[in-house]
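Following: one structure in structure tokens, then a few remarks.
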Amino acid sequence: QVQLVESGGGLVQPGGSLRLSCAASGSIFRISTINWYRPAPGKQREKVAGITSDGRTNYADSVKGRFTISRDTAKNTVNLQMNSLKPEDTAVYYCNLISTKGDYWGQGTQVTVSS
């Protein structure tokens with residue numbers, strides 16, 4: 001069973017930064033794609049960023065140039081560095097792991113961008 005634990009959320013002023021982390025249990029992490037999602041109007045969830053097992057990344061247009069996703073294989077962790085945060089980035093952010101054994105989700109971490 002894969003468990004994902006997010007951390008790093010909080011309250012930040014517009015223009016500020018936060019770093020989210022997703023820690024995964026199990027060796028399957030090394031061969032999995034990891035994504036970050038958040039709720040979006042009219043959608044169940046919006047994919048914010050993703051990183052494949054070989055390090056290829058992709059981003060939603062709304063966060064390109066501001067967010068950076070990276071993975072630390074030795075620590076079974078994926079990080080999401082969020083800079084120049086805007087009030088519209090306020091959401092619960094969820095970590096998602098996609099593997100041949102299925103999809104797994106974390107419990108979410110709240111990010112609030114407000115002055």
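Every number here is computed from the coordinates shown, using simple stated rules; none is lab data. Because the structure is predicted, anything quoted here is derived from the model rather than measured. A quick note on method: Cβ atoms are made from the backbone with ideal geometry, for glycine too, and the neighbour counts reach across all protein chains shown.
Between ARG66 and SER114, the simple label model (points 7 Å from Cα in the Cβ direction) yields a spacing of 1.8 nm. Computed about the Cα centre, the dipole magnitude for region 37-115 is approximately 60 debye when only Lys and Arg (+1) and Asp and Glu (-1) carry charge, each at its Cβ. Based on the reciprocal of the average 1/r between different C-alpha atoms, the Kirkwood radius for the chain equals 14.0 Å. Ranking THR33, THR109, LEU80 by Cα position along the charge dipole of the chain, where only Lys, Arg, Asp and Glu carry charges on their C-beta atoms, puts THR33 farthest toward the positive end.
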